[in-house]
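Presented below is the structure to which this report refers.
The values are calculated or read from the model by the stated rules, or taken from the named source; none is laboratory data. Since the model is a prediction, treat every value here as computed from it, not as a measurement. Note that we place each Cβ from the backbone using ideal geometry, even for glycine, and neighbour counts take in every protein chain shown.
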Amino acid sequence: MSRRESYATAAAAASSRTPYGAVVVGGGPAGITVVGNLLEQRQQKLLWVDPAFRAGRVNAAYREVPSNTAVALFLQFAQAVEPFQKIIDSTPEPNAVSVLRNLPQDKGCDLSKAADMCLMLSKGLAGHPEVNQLLGKVTAATFDKTSNQWTVSLENAPSPVVASNVVLCTGSSPISSPLPIMEKMQDLKINAIHLDLALAPSKLQKAFNPSSPATVAVIGASHSAILVLRNLYNLASTSHPSLQIKWFTRNKLRYAEKKDGWILRDNTGLKGEAAEWARQNLEENGIFEKSPVSRHIKKIWTEKGKEDATYQVELPGCTHMVQAIGYKQDPIPDLTITEGPGAPAEPLTVVYEPLSGRFFVPGLFGAGIAYPERVTDPYGNVEYAVGFWKFMRFLKRAVPEWVRQR
């Protein structure tokens, strides 16, 4: 059966009014993790919906990004639940997991290796007898207080489906809206470079004419910002000698630090290649000034409360801009609630509880970068846990409660 025929069969099956145990929305790492854990808990009849089933943004945009996760943790992720292990055992080698096994286990790797693992697991889960994988989107979902069930509308199915649970693994995207100061500088023409493009060296080099001068403003001091600076510097020091970078930051660099059994700033500090490159080239006390990167990168401090004044001085002359200032949740289906058949459906206020993965309505859950677990370290610092193994660790704890209490 071809892929198109398979999805046509799935669409027809999705039209059945037989209730699903759960509808999982999203086919990225979080969606894969949720499906694996629901199957581990013997949750029957899952409808899994995604527009592509191509491992989400990690595969579409970040294959060239070096991970800040050790390879050993990707392998732990792949072997954490029985459905995943069965896929590994039944997939001829070499495969994506055997490739990971042959890499140094205590270091990171390009995210292409993790993306390939996700593609392998996604393909394997599609063949599970309790999984109906539907290509498309969930457009809306209504919770019926009388039946205690969800009615879920699908883009590529002729009629809605009924489900006990809905799990949102809908992901997040880089914040790309213009800086507020740009409204005051409307005559300034700066080409925006999306963060996804800036994180892919093979694509980034095509954004500039090697023989034409260009000055790129990079906003932020995050892990992504450091990788963007490195990518731009590599271009400036090789094929694009007329390229200059202005780095706008209001924070000193912060690094993850290993403690006794835990990591300080585990989710907010620099790790891996980004941390190593920053320490060698961007730090104060003469390191930045002596580094060859200072020939192409100008560091500009944007003091809190005085950012606009700094931008008004430094942005003129910039030809391009990259914002690495965080991510925002992607749109979710329209959610409503009704008192029962014939009663009007009212908009549902979505409030997420980040310790349990629940929303404050029965049978609605979230996971992944859009709905991460909130964690508190031994020093009392609160962060949100994002990463393959962190998703898995959280869901192995949360999903049994979802299934048991629902």
message = Scan segment 187-197 and tell me whether some residue there is part of a loop (DSSP other than H, G, I, E, B), at pLDDT below 95 and not hydrophobic (A, V, I, L, M, F, W, C).
response = yes
inquiry  = Given the criteria in contact with a strand residue (DSSP E or B) (Cβ under 9 Å, 6 or more places away or on another chain), surrounded by 19 or more Cβ atoms within 10 Å (Cβ to Cβ), of a type outside the set (Lys, Arg) and outside the structural domain of residue 41 (by TED's automatic domain parsing), does residue 198 qualify?
reply    = yes
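Considering every residue within segment 104-117, establish whether at least one is assigned to a loop (DSSP other than H, G, I, E, B), touching a residue at least 12 places away in the same chain (Cβ under 8 Å) and polar (S, T, N, Q).
Yes; the residues of segment 104-117 include at least one that is assigned to a loop (DSSP other than H, G, I, E, B), touching a residue at least 12 places away in the same chain (Cβ under 8 Å) and polar (S, T, N, Q).
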query = Can you tell me which residue in segment 39-86 is surrounded by the most Cβ atoms within 10 Å (Cβ to Cβ), limited to those that are acidic (Asp, Glu) and outside any loop (DSSP other than H, G, I, E, B)?
reply = 50
ask   = If only one of 216, 228, 167 is buried (at least 16 other Cβ atoms within 10 Å of the Cβ) and in the same structural domain as residue 58 (by TED's automatic domain parsing), which one is it?
value = 167
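Within segment 145-178, which residues are of a type in the set (A, V, I, L, M, F, W, C), assigned to a loop (DSSP other than H, G, I, E, B) and modelled with pLDDT of 90 or more? Can you show your working first?
Restricting attention to segment 145-178, the residues satisfying the condition of being of a type in the set (A, V, I, L, M, F, W, C) are 150, 152, 154, 157, 161-163, 166-169, 175.
Filter once more, keeping what is assigned to a loop (DSSP other than H, G, I, E, B): 157, 169, 175.
Selection gives 169, 175.
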key: Matching option when the condition is among the small types (Gly, Ala, Ser), more than 23 Å from the chain's Cα centre (by Cα) and at pLDDT 95 or above, among 122, 112, 90   = 90
Test for residue 24: is it within 22 Å of residue 401 (Cβ to Cβ) and outside any helix (DSSP H, G or I) = yes
